[in-house]
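Heads up: the structure comes next, in structure tokens.
The values are calculated or read from the model by the stated rules, or taken from the named source; none is laboratory data. Given the structure is predicted, the values throughout are model-derived calculations rather than measurements. All Cβ positions, even for glycine, are placed from backbone atoms using ideal geometry, and neighbour counts span all protein chains on display. Ligands, DNA and RNA are stripped out before the accessible areas are found, and what is left, the full protein with its side chains, is counted by its heavy atoms. Shrake-Rupley method; radii C 1.70, N 1.55, O 1.52, S 1.80 Å.
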Amino acid sequence: MAKIKRKSVVPASKPKPIQPDDDDSGSDYEVDRHMTLTKVPKTVAQEFPLPKQVRKEVVKRTAKVSESEESSEEEEDDDDVNLPTLTKGQIADILQTIKNNKRLVLNVSNVNFSTSKEEIEEHFRKAGRVKSVRIPKKRASGFAFVEMLDAEGFQKAFLLHGSYLDGRQIRVQLSESGKKKSHQKILQLEKKNAEIRKMRKKNRAKPEAKEVTLVPKVQPKVVERDPYLDKKKTKPPTRTKGK
């Protein structure tokens, strides 16, 4: 019988355990060792720094520019307050664009919540005769509607913009009659009020607008003369000697 040669089975080699490196820091994230940090490029200011004296001058100039910008904003706010009113022709043109122009209604905002109707009416009497004052019951901010009786009072009422009422500086703007106003109507009123501000700024050069003030003009008293008492006395004729 032929002998069957048996194949020798080589035992499988055991995996060698991974030995930690000597510089192991104990971190579980071995990926950090293979990451390369990229250098952040330096800015021009860091690469070429300015001398100390030049940097101080730059800081001073930027501070002056910021102060001038703030002062210009404050001047714009002040310019919006001390402005002449509209002329009679401008008032007539504005009233033509209002639907119900027989009612001369103004929107008074930044009003104190504790201010009463009587106080608002008394304040607007400086401009003229007040027809009515309405304070909405449900309001998120302090405002009211003042209706003037005639166009003259309506014209002077714009001069009360920026005046103080009950410790608050009020704003007087154009409005329209009617309790509920649509969003489109509100946008139209904002546009008209912006045009009114522009016209009032231009009216600084118009004497017709500058003459309108809240101070009533004091008319001189006319003294009626009596034709007999105020008659000029004639001197008697002088007599010459020898006659």
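Checking the Cα-Cα distances for Lys126/Lys185; Lys156/Lys201; Lys137/Lys180 against a 19 Å cut-off, the pairs over it are Lys126/Lys185. Averaged per residue, region 88-209 has 61 square angstrom of accessible surface, using a 1.4 angstrom probe with ligands and nucleic acids left out.
If R0 is 25 Å, the Cβ-Cβ spacing of Lys202 and Asn112 corresponds to a FRET efficiency of close to 0.15. As a length-normalised measure over Cα pairs under 8 Å and 6 or more apart, the relative contact order of region 88-209 settles at 28 percent. You can think of it this way: the chain between Lys180 and Thr43 has 43.5 nm of extra reach, that is 0.36 nm per residue less the Cα-Cα gap. Within the accessible area of region 88-209, what % is carbon and sulfur when the probe is 1.4 Å and the other protein chains stay in place? Here carbon and sulfur together make up 49 percent of the probe-accessible area.
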